[in-house]
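**Student:** Structure below; questions to follow.
The values are calculated or read from the model by the stated rules, or taken from the named source; none is laboratory data. None of the values given here were measured: they were computed from a predicted structure. A quick note on method: Cβ atoms are made from the backbone with ideal geometry, for glycine too, and the neighbour counts reach across all protein chains shown.
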Amino acid sequence: MSKHTVSTLQPSPWPQRAADLGRVFCGIDVSADTLAVAAIEPDQALRQRQFANSRSGHKALLDWLGKMKAPVRVSLEATGIYSMDLALALDAAKGIEVAVLNPKRVSDFAKSLRRSKTDWADAAVLADYSLRMPFVAWQRPSRSALALRAISRHIEALGVEQTRAGNRLHAAQGSVGTPRCVIEDLKRSLAGLQRRIRTLRRQARTHVDSDERMREQFRMLTGVPGIAQTSALQILGELVLLAPDLKARQWVARSGLDPVHQDSGTSVHKPARISRAGSCHLRRALYMPALAAVRWDPHLKAFYQALLTRHKRKLQALMAVARKLLHAIYGIFKTRTPYDGTKLFPTRLAPVPKT
């Protein structure tokens, strides 16, 4: 055992089901630098170890799990880049099943156990989750899908930098005290960011075109009102890694666009809000298409106006439109048919007439 690992042994509070006898249930709490690991063995003992979140740490973890001499079922939360390499390593190992879980679902499960909030407690909760809850195996994404998500997220980050650079340039040009050399440097910086984004978009299209499924989905996305090629790349970069067996509501939950209602008795009536317990990247990718859709798609425009008539705030109505767009994308992907706005709404919701 290295100096970076610890080990404890204590009884597990949960009995195993008959069908799972002889299996090891493992939970891994992933952070940027470390992996807190808890494993419930067939003898009901809970073992805990810590490993580095690095290639060598992943190898040490696989060696440790391999010594269990029993099939291993691992659960970990989806934490973006911190968990992806680990999930890929575990999925490639023999005798290990992997589930990558929605953090919101794990959080709700943890609250029912009333545990402390520490890395070790989180790992133990994930191990208990593996033991008690239905198992859904993670499906390894293709290399093109992984590349597309990495590129699309990098483009998103550069877009934020581009906006900031544009704001700095605008402020500098509006001040008489700004020397010309500063303005020229800001212009060069902004132009450089724009070139990098264009280059990355071309690379993203190369990966899309190399995969038949992604190529078809990209074509269908650009057929949805409000979604141009730039937004299609960002949206597809987030959707390609979702498990193919998810339902439309699960897509919405993964995006964090699912509504949260707070009503209790006669005294608690708070306005509904979105949960935000999902991918902020997918929410951002849907924001501009939702803005465009309420202008150009008659069905979504009518839906948006109906929400405003019911005294919903503009942002609330826009998030509802984004949620409808996600439902529409789910439908066209599953049926492999072009977008049809009439399928999103009941017939009583008529489009707003053109003026």
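**Student:** Yes or no: region 315-332 includes at least one residue that is free of Cβ contacts under 8 Å to residues at least 12 places away in the same chain and either out of contact with any strand residue (DSSP E or B) (no Cβ under 7 Å at 6 or more places or on another chain) or more than 30 Å from PRO244 (Cβ to Cβ) (or both).
**Tutor:** Yes: one or more hits.
**Student:** If I go through region 159-176 residue by residue, how many of them are of a type in the set (Ser, Thr, Tyr) and either in a helix (DSSP H, G or I) or surrounded by 14 or more Cβ atoms within 10 Å (Cβ to Cβ) (or both)? First the steps, then the outcome.
**Tutor:** Going residue by residue through region 159-176, those that are of a type in the set (Ser, Thr, Tyr) are 163, 175.
Subsequent filtering for residues that are either in a helix (DSSP H, G or I) or surrounded by 14 or more Cβ atoms within 10 Å (Cβ to Cβ) (or both) retains 163.
Result for region 159-176: 1.
**Student:** Here's something else I'd like to know. Would you check if there is a residue in region 123-139 being surrounded by fewer than 17 Cβ atoms within 10 Å (Cβ to Cβ) and among the hydroxyl-bearing types (Ser, Thr, Tyr)?
**Tutor:** Going residue by residue through region 123-139, those that are surrounded by fewer than 17 Cβ atoms within 10 Å (Cβ to Cβ) are 132-137, 139.
Retained after the next criterion (residues that are among the hydroxyl-bearing types (Ser, Thr, Tyr)): none.
The answer is no, given that none of the residues of region 123-139 is surrounded by fewer than 17 Cβ atoms within 10 Å (Cβ to Cβ) and among the hydroxyl-bearing types (Ser, Thr, Tyr).
**Student:** Working only within region 259-281, note down all residues that are part of a helix (DSSP H, G or I) and either modelled with pLDDT of 95 or more or outside the structural domain of TYR330 (by TED's automatic domain parsing) (or both).
**Tutor:** If we filter region 259-281 for residues that are part of a helix (DSSP H, G or I), which is where we start, we get 280-281.
Answer for region 259-281, where residues must be part of a helix (DSSP H, G or I) and either modelled with pLDDT of 95 or more or outside the structural domain of TYR330 (by TED's automatic domain parsing) (or both): there is none.
**Student:** Turning to a different aspect of this structure: Taking GLY226 as the residue in question, decide whether it is assigned to a loop (DSSP other than H, G, I, E, B), crowded, with 18+ Cβ neighbours inside 10 Å and outside the structural domain of ILE81 (by TED's automatic domain parsing). Break it down into steps so the answer makes sense when it comes.
**Tutor:** Values: assigned to a loop (DSSP other than H, G, I, E, B): yes; crowded, with 18+ Cβ neighbours inside 10 Å: yes; outside the structural domain of ILE81 (by TED's automatic domain parsing): yes.
Yes: the conditions hold for GLY226.
**Student:** Here is a further query. Can you tell me which condition ASP29 does not meet? The list is (1) over 13 Å from VAL98 (Cα atoms); (2) surrounded by fewer than 21 Cβ atoms within 10 Å (Cβ to Cβ); (3) modelled with pLDDT under 95; (4) not polar (S, T, N, Q), and all the others hold.
**Tutor:** (2)
**Student:** Taking the conditions exactly as written (buried (at least 18 other Cβ atoms within 10 Å of the Cβ) and free of Cβ contacts under 8 Å to residues at least 24 places away in the same chain), does ALA99 satisfy them or not? Spell out how you get there, then give the answer.
**Tutor:** Details: buried (at least 18 other Cβ atoms within 10 Å of the Cβ): yes; free of Cβ contacts under 8 Å to residues at least 24 places away in the same chain: no.
No: the conditions fail for ALA99.
**Student:** If you go through region 304-311 one residue at a time, do you hit one that is more than 20 Å from ALA228 (Cα to Cα) and outside any helix (DSSP H, G or I)?
**Tutor:** Checked against the condition, which is being more than 20 Å from ALA228 (Cα to Cα) and outside any helix (DSSP H, G or I), region 304-311 yields at least one hit.
**Student:** Here's another thing I want to ask about it. Considering every residue within region 138-158, establish whether at least one is in a helix (DSSP H, G or I) and within 30 Å of GLU41 (Cα to Cα).
**Tutor:** No, the conditions are met nowhere in region 138-158.
**Student:** What's the number of the condition TYR82 fails, among (1) touching a residue at least 60 places away in the same chain (Cβ under 8 Å); (2) within 20 Å of the chain's Cα centre (by Cα)?
**Tutor:** Single failed check for TYR82: (1).
**Student:** Still on this structure, please answer the following. Given the conditions (1) modelled with pLDDT under 85; (2) touching a His at 6+ places or on another chain (Cβ under 6 Å); (3) hydroxyl-bearing (Ser, Thr, Tyr), which single one is not true for SER144?
**Tutor:** It is condition (1) that SER144 fails.
**Student:** Does LYS59 qualify as being modelled with pLDDT of 95 or more, out of contact with any helix residue (DSSP H, G or I) (no Cβ under 6 Å at 6 or more places or on another chain) and of a type outside the set (Phe, Trp, Tyr)?
**Tutor:** Numbers: modelled with pLDDT of 95 or more: yes; out of contact with any helix residue (DSSP H, G or I) (no Cβ under 6 Å at 6 or more places or on another chain): yes; of a type outside the set (Phe, Trp, Tyr): yes.
Taking the combined requirement at face value, the residue satisfies it.
**Student:** Continuing with the same structure: Failed condition for ALA292, given (1) out of contact with any Leu (no Cβ under 8 Å at 6 or more places or on another chain); (2) modelled with pLDDT under 95, with all others met?
**Tutor:** Going through (1) out of contact with any Leu (no Cβ under 8 Å at 6 or more places or on another chain); (2) modelled with pLDDT under 95 one by one, ALA292 breaks only (2).
**Student:** Taking the criterion of being among the polar types (S, T, N, Q), assigned to a helix (DSSP H, G or I), touching a residue at least 24 places away in the same chain (Cβ under 8 Å) and not assigned by TED's automatic domain parsing to the domain that holds LYS324, would at least one residue in region 177-196 satisfy it? So that I can check it myself, show each step before the final result.
**Tutor:** Filtering region 177-196 for residues among the polar types (S, T, N, Q) gives 178, 189, 194.
Retained after the next criterion (residues that are assigned to a helix (DSSP H, G or I)): 189, 194.
Next cut, touching a residue at least 24 places away in the same chain (Cβ under 8 Å) only: 189, 194.
From what's left, not assigned by TED's automatic domain parsing to the domain that holds LYS324: 189, 194.
Among the residues of region 177-196, at least one is among the polar types (S, T, N, Q), assigned to a helix (DSSP H, G or I), touching a residue at least 24 places away in the same chain (Cβ under 8 Å) and not assigned by TED's automatic domain parsing to the domain that holds LYS324, which makes the answer yes.
**Student:** Related question: Just to be sure, is ALA127 closer than 17 Å to SER31 by Cα, touching a Cys at 6+ places or on another chain (Cβ under 8 Å), assigned by TED's automatic domain parsing to the domain that holds ASP33 and small (Gly, Ala, Ser)? Before you say what the answer is, go through the steps one by one.
**Tutor:** Values: closer than 17 Å to SER31 by Cα: yes; touching a Cys at 6+ places or on another chain (Cβ under 8 Å): yes; assigned by TED's automatic domain parsing to the domain that holds ASP33: yes; small (Gly, Ala, Ser): yes.
Yes: the conditions hold for ALA127.
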